[in-house]
Structures are given as C-alpha cells and as structure tokens.
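The values are calculated or read from the model by the stated rules, or taken from the named source; none is laboratory data. As the structure is a computational prediction, the values presented were derived from the model and not from experiment. We work out accessible area using only protein heavy atoms, side chains counted, and drop any ligands, DNA or RNA first. Shrake-Rupley method; radii C 1.70, N 1.55, O 1.52, S 1.80 Å.
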Amino acid sequence: MSLNRSVQNPHHSLTGNSLTASPNYVGLVKFLMQPFLEAPESLSVDCEISPTLKRAWVRIAFESADKGKVFGRGGRNIQAIRTVISAAAELAGQSVYLDIYGSTTPGREGMFVEEDQQERTPPPISRERSGNAPPRPVVKPRTR
C-alpha cells in the first residue's frame, strides 16, 4: 500500500536501461569546477570510457593560477569533486579516474597530481650512525 496515491509510478528508476547508460562526466566536471576558476573558459575536460572494463578516465586541465582554489585547503575541494564523480560512476556500474593536468606550459604543472605529490615527499631519514659520532640518547615523553 502506497502512502502517496497521487504518484502512481516514481519518476526515477534505478533498474533497467538507466544502469547501462554512462553519465555525462564532461558536463558534471565542468559544472563542479567552473565556480572555482577565474577564467572558466580555460577549463579543458576530456573523457574516455571503456565499456569492456567499465571504467572512465576523465582528464582536466586549467590555468595554473587557479590551482589553489581548485584543490582547496588540504585538497578538500578536489576530493569533494572526486567523490561526486565516483558516486555518479558507481550508479552506472563503473569506476572513474580523474587526472589533473596544469597549464599547457612545460614544467611541474603538467604532471599528474600523484606524480607531483611523490616528487615532493622527502627521502626517508636513515637512523644509522654516521662516522664516529656517539649514539644519541632516546628521549621518552614524561607521563603524569
């Protein structure tokens, strides 16, 4: 028994052909990213969908001056955009990868976000003693 008798059939359906259709990733990314950009016309979005692997690759590029706004403090903005795109892909039974490129000028801005983060990580510090230096004492925190 339905509580709302005025609506016989719901307007949305999660079964049938709607799951086989792929979301409009280009339109979704443009809608989510343009508010962060000073020059929205500089945004370039490319999407490649593999129906056999059920994956989509979305590549975006924008002016490097807008990089701080797009990423947000601690990467919050770009993570929210990735979450929304992933949710849309999950409804379609796909997985999605978002690759971010900088401006068209050569340099650090043209790299993937993951490569950029890997390049910035400092090398691990070795705990081996160097030369004839005496061992340093281990300082333990005081407990109360």
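Ranking of Thr83, Thr143 by solvent-accessible surface, largest first: Thr143, Thr83 (1.4 Å probe, protein heavy atoms only, all chains present). Of the listed residues Lys69, Lys30, Lys54, Lys140, the order by accessible area with a 1.4 Å probe, largest first, is Lys140, Lys54, Lys69, Lys30.
Near the amide H of Tyr97, within less than 5 Å, lie the amide hydrogens of Ala56, Trp57, Val58, all on another chain or at least 5 residues away, with H placed in the peptide plane. Largest accessible area first, the residues Asp99, Asp46 order themselves as Asp46, Asp99 under a 1.4 Å probe with ligands, DNA and RNA left out.
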